[in-house]
Amino acid sequence: MGTWIRLVVLLVIVGGVAARTRMLVRFRQLAPPTAAVEREDLVSAISNSPDDASDDAAQPYCFSATAAVLLTAGRDGLPGKADVDDNLDGIVDDRRETGAVGSDDECLGPADPGYQAALDQPGVITISKGAFVACDSGQNADRYLTPRWGWFVAGDKQAE
Ligand SMILES: [Ca+2]
Ligand SMILES: [Ca+2]
């Protein structure tokens, strides 16, 4: 009987070590892509013109309290899922289905692809005001967008 207990304790210890090792390996793999970004890289990106084709060029964005955030009918052109009564009110594809969960409907801000085209589409709903829009304020922008790193905030120069 003592042998069985020792075997169980040994299995628990080996299992614990294996689980901990697996977690540590996974943790390293889950490091964010920005983990290796140096501040100098971001300062350089801000200095590059957004017209550069480089992935490192940063487009400045400034907050606009009047910029519309849109809710579109998606690629199928119909509110919610096409030919489905998403909100169960007995009417298929009525306007109140726009943005239904699981549909192709999209929420778009000025920085999103397709935003300009959506402004002219019928059935598009403005769900709020206030968003970041491309601007040319250079190093004083509220935030920046790069193809390589996505969004980042540069912060106040005095904090350096
Ligand atoms: Ca749709
Ligand atoms: Ca409906």
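The values are calculated or read from the model by the stated rules, or taken from the named source; none is laboratory data. Given the structure is predicted, the values throughout are model-derived calculations rather than measurements. In this analysis, Cβ positions are derived from the backbone assuming ideal geometry, glycine residues included, and neighbour counts consider all displayed protein chains.
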Inset, instruction - Residues being of a type outside the set (F, W, Y) and either away from ligand 1 (no atom under 12 Å from the Cβ) or in contact with a strand residue (DSSP E or B) (Cβ under 7 Å, 6 or more places away or on another chain) (or both): count how many of those fall in region 50-91. - result: 27
Inset, instruction - Look at V92 and say whether it is at pLDDT 95 or above and not charged (D, E, K, R). - result: yes
Inset, instruction - Can you run down the residue pairs with Cβ atoms below 9 Å, 6 or more apart or on separate chains, where the first is in region 57-83 and within 25 Å of G138 (Cβ to Cβ) and the partner is near ligand 1 (Cβ under 7 Å from one of its atoms) and at pLDDT 95 or above? - result: none
Inset, instruction - Would you be able to tell me the number of residues in region 56-94 that are more than 16 Å from ligand 2 (Cβ to nearest atom), among the β-branched types (V, I, T) and assigned to a loop (DSSP other than H, G, I, E, B)? - result: 1
Legend entry - Enumeration of residues in region 92-123 that are surrounded by 12 or more Cβ atoms within 10 Å (Cβ to Cβ) and among the hydrophobic types (A, V, I, L, M, F, W, C): V92, A100, C107, L108, A111, A118, L119
